[in-house]
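The values are calculated or read from the model by the stated rules, or taken from the named source; none is laboratory data. Values in this document were obtained by computation on a predicted structure and should not be read as measured data. Positions of Cβ are backbone-derived with ideal geometry, glycine not excepted, and every protein chain shown enters the neighbour counts.
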Amino acid sequence: MKSNLYIGVMSGTSIDSIDAVLMKINTQSWKFIGGETIKFPKELKSDLRRLSRVENKIDLKNLIELNSKTGHIFAKCVNKLLHDQNISPYDIEAIGLHGQTIMHHLRTNFPGSLQIGDAALVAKVTGIPVVSNFRNNDIASGGQGAPFAPLFHSWLFSNNKENRILINIGGISNISLLSKNGNYKGYDIGPGNILMDSWCLANKKKEFDNKGQWAKKGKINEQLLNEFKKDVYFKRQPPKSTGTDYFNLKWIKERISNYNKLISSTDIQATLTELTADIICTSIKECPKNTSIAFCGGGTKNNLLMRSIQEKLNNKIYLTTDWGIDSKWVEAAGFAYLSKKRIDTVYSDLRLVTGSDAPIMLGGIFLPPKKINSEIKRSGK
């Protein structure tokens, strides 16, 4: 008899920690059972950030090792979740593992997306089937390979009594439009935390601007803000997706170099915070009126950012906690759901999200090694 227990694992573009959630998923319902978070080891986090945001160059031997190291830390998070929840791996149907995005490369005749974190190793270490490599089947079918959030946001939060908008503010921010008739669409808005975090790390040696306290001391520079907003990505029409290989510290420095006036690092942080608030609110204002709006992701902890969004919208906003699940766990819960869809061989329709040309099967399945009876001799008899 199936347990209907699934695990979702997500680390996100911020590369600060790994979230794993345990979900009970039936055909028409879901239940959040528990979650676990562990920090990336300092050296591994540094290597991943350098590769995905700055250099994009690595010796192939080092890439192989990095793939394995990341797989081990994913497996560690899953095993800790199982231990803390007192659940046997044999009770879990599958793990949905997004992997750590290193490069999302689309504007070429030969597009693709690379996530690392060895899924076969995770299956081996945990003893649980793993569904991974979600993006490339979508890309092969003409899609952007991201975001998948609208698909699982619809599953988690659609309501037949009202239209809803959900904004996820991770490293990259994305929007999901959830119609009360069951339809859904969405896209990557642009930078969420990534530019604020990158500038804070470069200037303050801190991984993020806690509650927006540093930015609060600065003054928004409207001319620089307009320089930021000239980027071609903001003018591009959906479907569209992006990543930290594009929006990063290099992106900031290039645009500052186009702005010839002297400006303090604090004012730049304030302006970057305003940029994220501005592009999010612009996307929301393009949606139908009289729609409930909720937020999730790490950006919700930035008080200055959320206050700026609230003031621009002049509308009541919610967190997904108000809709049934803590905003911290939403994205990982989504990959638990996607793993169930793949195990059950259910196609996903992302045509209005990524632009894929047909419903597709998301992800590949990696099975753990077969258990061998200890009494069987090595001869195979």
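Listed residues Lys253, Lys206, Lys217, Lys230; which is surrounded by fewer than 14 Cβ atoms within 10 Å (Cβ to Cβ) and in contact with a Ser or Thr (Cβ under 9 Å, 6 or more places away or on another chain)?
Lys217
Report, by residue number, each residue of region 57-94 that is assigned to a helix (DSSP H, G or I), among the basic types (Lys, Arg) and over 11 Å from Gly117 (Cβ atoms).
Across region 57-94, the qualifying residues are Lys61, Lys76, Lys80.
Of all residues in region 95-125, how many are in contact (Cβ under 8 Å) with a residue 12 or more places away in the chain, surrounded by fewer than 24 Cβ atoms within 10 Å (Cβ to Cβ) and not in a strand (DSSP E or B)?
So the answer is 6.
Would you check if Asp47 is assigned to a strand (DSSP E or B) and either under 18 Å from the mean Cα position of the chain (by Cα) or over 30 Å from Trp323 (Cα atoms) (or both)?
Considered against the rule, which asks whether it is assigned to a strand (DSSP E or B) and either under 18 Å from the mean Cα position of the chain (by Cα) or over 30 Å from Trp323 (Cα atoms) (or both), Asp47 comes out as no.
Could you tell me whether Phe295 is touching a helix residue (DSSP H, G or I) at 6+ places or on another chain (Cβ under 8 Å), under 30 Å from Asn4 (Cα atoms) and not assigned by TED's automatic domain parsing to the domain that holds Ser283?
no
Listed residues Ala336, Ala294, Ala270; which is in contact with a strand residue (DSSP E or B) (Cβ under 9 Å, 6 or more places away or on another chain), more than 26 Å from Gln237 (Cα to Cα) and modelled with pLDDT of 95 or more?
Just a single option satisfies the conditions, and that option is Ala336.
I'm told Thr37 meets every condition in (1) closer than 22 Å to Phe366 by Cβ; (2) under 16 Å from the mean Cα position of the chain (by Cα); (3) in a strand (DSSP E or B) except one. Can you identify the failing condition by its number?
Only one criterion is unmet by Thr37, namely (1).
Does Lys341 count as of a type in the set (D, E, K, R) and outside the structural domain of Asn159 (by TED's automatic domain parsing)?
Yes; evaluated as a whole, the condition is true for this residue.
Return the residue satisfying two criteria in turn: it lies in region 225-245 and is β-branched (Val, Ile, Thr) and part of a loop (DSSP other than H, G, I, E, B), and of such residues it is nearest to Arg135 (Cα to Cα).
Step by step, filter region 225-245, then rank; the result is Thr242.
Within region 40-48, identify whether any single residue is crowded, with 17+ Cβ neighbours inside 10 Å, of a type in the set (Phe, Trp, Tyr), within 30 Å of Ala202 (Cβ to Cβ) and in contact (Cβ under 8 Å) with a residue 40 or more places away in the chain, and answer yes or no.
Checked against the condition, which is being crowded, with 17+ Cβ neighbours inside 10 Å, of a type in the set (Phe, Trp, Tyr), within 30 Å of Ala202 (Cβ to Cβ) and in contact (Cβ under 8 Å) with a residue 40 or more places away in the chain, region 40-48 yields no hits at all.
Just checking, which of Ser3, Ser17 is over 20 Å from Arg342 (Cβ atoms), touching a residue at least 12 places away in the same chain (Cβ under 8 Å) and surrounded by fewer than 20 Cβ atoms within 10 Å (Cβ to Cβ)?
Unique residue meeting the criteria: Ser17.
Which residues, taken from region 133-177, are crowded, with 24+ Cβ neighbours inside 10 Å and more than 26 Å from Thr244 (Cα to Cα)?
Within region 133-177, none qualify.
Please work out which one of (1) on the phi > 0 side of the Ramachandran plot; (2) at pLDDT 95 or above is the condition Tyr318 fails and give its number.
The failed condition is (1).
Among the numbered conditions (1) within 30 Å of Ser241 (Cα to Cα); (2) crowded, with 20+ Cβ neighbours inside 10 Å, tell me where Ile92 comes up short.
(1)
Could you check Ile268 against (1) crowded, with 16+ Cβ neighbours inside 10 Å; (2) within 18 Å of Ser173 (Cα to Cα) and say which number it fails?
(2)
Of all residues being hydroxyl-bearing (Ser, Thr, Tyr) and closer than 15 Å to Phe152 by Cβ in region 303-357, which is nearest to the chain's Cα centre (by Cα)? Just the residue, please.
The selected residue is Ser327.
Restricting the search to region 48-75, which residues are closer than 21 Å to Pro368 by Cβ and in contact with a helix residue (DSSP H, G or I) (Cβ under 8 Å, 6 or more places away or on another chain)?
Ser68, Lys69, Thr70, Gly71, His72, Ile73, Phe74, Ala75 - these are the residues of region 48-75 that are closer than 21 Å to Pro368 by Cβ and in contact with a helix residue (DSSP H, G or I) (Cβ under 8 Å, 6 or more places away or on another chain).
Given the criteria farther than 18 Å from Ile175 by Cα and either outside the structural domain of Ile95 (by TED's automatic domain parsing) or crowded, with 23+ Cβ neighbours inside 10 Å (or both), does Gly324 qualify?
Answer is yes for this residue.
Just to be sure, is Ser14 over 14 Å from Gly171 (Cβ atoms) and assigned to a loop (DSSP other than H, G, I, E, B)?
In short, no.
Which condition does Trp329 not pass, out of (1) in contact with a strand residue (DSSP E or B) (Cβ under 6 Å, 6 or more places away or on another chain); (2) over 21 Å from Asn4 (Cβ atoms); (3) crowded, with 16+ Cβ neighbours inside 10 Å, if it passes all the others?
Of everything listed in (1) in contact with a strand residue (DSSP E or B) (Cβ under 6 Å, 6 or more places away or on another chain); (2) over 21 Å from Asn4 (Cβ atoms); (3) crowded, with 16+ Cβ neighbours inside 10 Å, Trp329 misses just condition (2).
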